[in-house]
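The values are calculated or read from the model by the stated rules, or taken from the named source; none is laboratory data. Only a predicted model underlies this, so the values are computations on that prediction, with no experimental measurement involved. Cβ placement follows ideal geometry from the backbone for every residue including glycine, while neighbour counts extend to all protein chains displayed. These area figures cover heavy atoms from the full protein model, side chains too; ligands, DNA and RNA do not enter into them. Shrake-Rupley method; radii C 1.70, N 1.55, O 1.52, S 1.80 Å.
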Amino acid sequence: AITLIDRFRTHLWKPLLHEVAAGSMDVHAHQLDYLAQAYWRHFTFCFGAMDGLDRARREVFVAPVHDAAGVEVIPRRAIGYDTLVIAVGSEVNDFGTPGVAQYAFALDTAKQAASFQRSLVNACLRADHVSPAAHAKQLNVVIVGGGATGVELAAELHRTTRLLAAYGLKNFNPEQDLKLTLINADARILPALPEYLSVATADVLRGLNVDIRCNELATEVTADAVLTRGGQRFPADLSVWAAGIRAPVFLREIDGLETNRLDQLGVQPTLQTTRDPDIFAFGDCAACPWVGQEGMVPPRAQAAHQQASLLCKNLAGRLDGKPLRPFHYRDFGSLVSLGKYSTVGNLMGFVSGGSLRIEGWFARLMYESLYKMHLM
């Protein structure tokens with residue numbers, strides 16, 4: 001008997017959130033409904049956010065659900081388990097930077113992405129109605145974080161703001177009135193990927209007039225600017241924080257389980273938590289040893305997908321008394337979508353264990369195929 005607990009009623013592939021934020025994707029057309037999935041695949045769906053754990057009683061606590069008016073729809077519940085799998089993903093890590101929570105948008109959920117999109121449209125409308133005699137009508141959007149989310153969002157915003165202007169904004173010219181700035185603390189964007197991918201992506205973004213500022217550590221976000229350790233002040237009508245991730249804070253040493261400084265659950269290579277063999281964790285919320293390598297398995301979508309595939313087999317075998325197999329991560333490469341402008345990536349282990357660089361329509365086809373595989 002399988003029960004899925006989730007704080008949302010629907011699922012959206014997280015790599016697509018930048019498209020929702022930019023306004024190029026209708027979130028309702030791409031969501032998967034958990035209730036329908038439960039009916040089709042014969043599991044039970046429990047709507048609500050996990051917010052506690054009692055290992056002695058083998059119970060997960062689920063927070064009450066409220067409607068938009070704050071009225072309680074579903075009360076607090078306790079769900080019993082024999083085997084528990086925690087896969088609650090990650091959220092943005094603001095590193096304690098002042099002003100991020102108050103003034104910057106995050107793109108962890110579809111709701112946050114849609115909120116940014118509404119604010120972007122409203123900002124464009126305001127800019128469109130500024131008097132032609134006014135000089136300070138430039139709309140400044142600052143993205144903090146040069147990883148995949150920040151990079152893909154910058155490219156998508158360039159496209160969608162021009163479409164928006166073409167559909168009736170008479171006084172707002174994105175070429176002149178929109179300034180996109182990408183701030184990155186590292187020496188190059190996409191620091192986790194091969195350097196040639198970083199260079200190729202930076203070339204595309206600069207061709208779109210995105211101002212890339214590397215070696216700039218954001219130290220504060222205000223209502224109208226992003227400040228950096230180097231003393232720079234970047235004006236910002238809208239700020240997006242996409243620099244780093246951490247596990248949800250409710251996991252911090254939850255009922256005695258081991259967690260690290262990012263609140264990720266410590267797990268063994270079998271994906272069992274280090275202090276309870278009946279509790280498994282995988283994906284971004286788990287700190288899993290990288291067998292054969294130094295450090296931990298990187299928090300990437302392909303890692304979570306591989307871990308889910310292994311757990312599917314291990315949990316079935318566990319019921320039959322079979323030993324658990326350890327997780328061995330394989331890096332199959334990376335793909336970065338820059339909307340209609342380009343897609344770049346590399347495929348690992350393609351030729352004699354090496355790396356194959358891909359760009360353009362073939363890379364885009366691979367990206368679309370990944371999404372279709374995820375849906376299936």
Reported set for region 282-311 where residues are touching a residue at least 60 places away in the same chain (Cβ under 8 Å) and under 19 Å from LYS322 (Cα atoms) is ALA308, LEU311
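Is it the case that some residue within region 29-45 is open to solvent by less than 40 Å² (accessible area, probe 1.4 Å), touching a residue at least 12 places away in the same chain (Cβ under 8 Å) and among the acidic types (Asp, Glu)? Let's see the steps before the verdict.
Residues of region 29-45 open to solvent by less than 40 Å² (accessible area, probe 1.4 Å): 34, 36, 38, 45.
Those still in the list that are touching a residue at least 12 places away in the same chain (Cβ under 8 Å) too: 34, 38, 45.
Among the residues that remain, those that are also among the acidic types (Asp, Glu) are: none.
No: region 29-45 contains no residue that is open to solvent by less than 40 Å² (accessible area, probe 1.4 Å), touching a residue at least 12 places away in the same chain (Cβ under 8 Å) and among the acidic types (Asp, Glu).
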What is the number of the single condition among (1) in contact (Cβ under 8 Å) with a residue 60 or more places away in the chain; (2) touching a His at 6+ places or on another chain (Cβ under 6 Å) that VAL141 does not meet?
(2)
Near pairs, Cβ below 7 angstrom, 6+ apart or cross-chain, from region 90-104 (aromatic (Phe, Trp, Tyr)) to any residue that is surrounded by fewer than 18 Cβ atoms within 10 Å (Cβ to Cβ)
PHE95/GLY244; TYR103/THR222; TYR103/ALA223
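Condition test on ARG252, is it open to solvent by 60 Å² or more (accessible area, probe 1.4 Å), over 30 Å from ASP54 (Cα atoms) and of a type outside the set (Gly, Ala, Ser)? Full working, then the answer.
Numbers: open to solvent by 60 Å² or more (accessible area, probe 1.4 Å): yes; over 30 Å from ASP54 (Cα atoms): no; of a type outside the set (Gly, Ala, Ser): yes.
So ARG252 fails the test.
Conditions (1) outside any loop (DSSP other than H, G, I, E, B); (2) modelled with pLDDT under 95; (3) touching a helix residue (DSSP H, G or I) at 6+ places or on another chain (Cβ under 8 Å); (4) open to solvent by less than 10 Å² (accessible area, probe 1.4 Å), marked per residue:
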residue	(1), (2), (3), (4)
SER239	yes, no, yes, yes
ASP263	no, no, yes, yes
VAL291	no, yes, no, no
LEU315	yes, no, no, no
ARG330	no, yes, yes, no
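Residues that are at pLDDT below 95, out of contact with any Gly (no Cβ under 6 Å at 6 or more places or on another chain), open to solvent by 30 Å² or more (accessible area, probe 1.4 Å) and in a strand (DSSP E or B): does region 274-284 have at least one? Spell out the reasoning first.
Here is the first cut: in region 274-284, the ones at pLDDT below 95 are none.
Checked region 274-284: no residue is at pLDDT below 95, out of contact with any Gly (no Cβ under 6 Å at 6 or more places or on another chain), open to solvent by 30 Å² or more (accessible area, probe 1.4 Å) and in a strand (DSSP E or B).
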Just give me the residues in region 173-211 being in a strand (DSSP E or B) and among the charged types (D, E, K, R), in sequence order.
LYS179, ASP211
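If I go through region 182-197 residue by residue, how many of them are surrounded by 12 or more Cβ atoms within 10 Å (Cβ to Cβ) and out of contact with any helix residue (DSSP H, G or I) (no Cβ under 9 Å at 6 or more places or on another chain)?
Taking region 182-197 and keeping what is surrounded by 12 or more Cβ atoms within 10 Å (Cβ to Cβ), we get 182-186, 188-194, 196-197.
Then keep just the ones that are out of contact with any helix residue (DSSP H, G or I) (no Cβ under 9 Å at 6 or more places or on another chain); that gives 185-186, 194, 196-197.
Residues meeting the conditions: 5.
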Output the residues belonging to region 96-129 that are farther than 23 Å from THR228 by Cβ, open to solvent by 30 Å² or more (accessible area, probe 1.4 Å), touching a helix residue (DSSP H, G or I) at 6+ places or on another chain (Cβ under 9 Å) and outside any helix (DSSP H, G or I).
ASP108
What are the residues in region 143-159 that are out of contact with any Phe, Trp or Tyr (no Cβ under 9 Å at 6 or more places or on another chain) and assigned to a loop (DSSP other than H, G, I, E, B), if any?
GLY146, GLY147
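So that you can scan it fast, the table gives a plain yes or no per residue for (1) at pLDDT 90 or above; (2) part of a strand (DSSP E or B); (3) open to solvent by 40 Å² or more (accessible area, probe 1.4 Å):
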site: VAL141; (1), (2), (3): yes, yes, no
site: THR161; (1), (2), (3): no, no, no
site: ALA165; (1), (2), (3): no, no, no
site: ASN171; (1), (2), (3): no, no, yes
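If I filter region 293-313 down to residues being in contact with a Lys or Arg (Cβ under 8 Å, 6 or more places away or on another chain) and within 13 Å of LEU271 (Cβ to Cβ), which single residue comes out as most open to solvent (accessible area, probe 1.4 Å)? Full working, then the answer.
Quick first cut of region 293-313, residues in contact with a Lys or Arg (Cβ under 8 Å, 6 or more places away or on another chain) only: 301, 306, 310, 313.
Going one step further and asking which of them are within 13 Å of LEU271 (Cβ to Cβ), we end up with 306, 310, 313.
Values: GLN306: 32, LEU310: 24, LYS313: 128 Å².
For region 293-313, the residue satisfying everything is LYS313.
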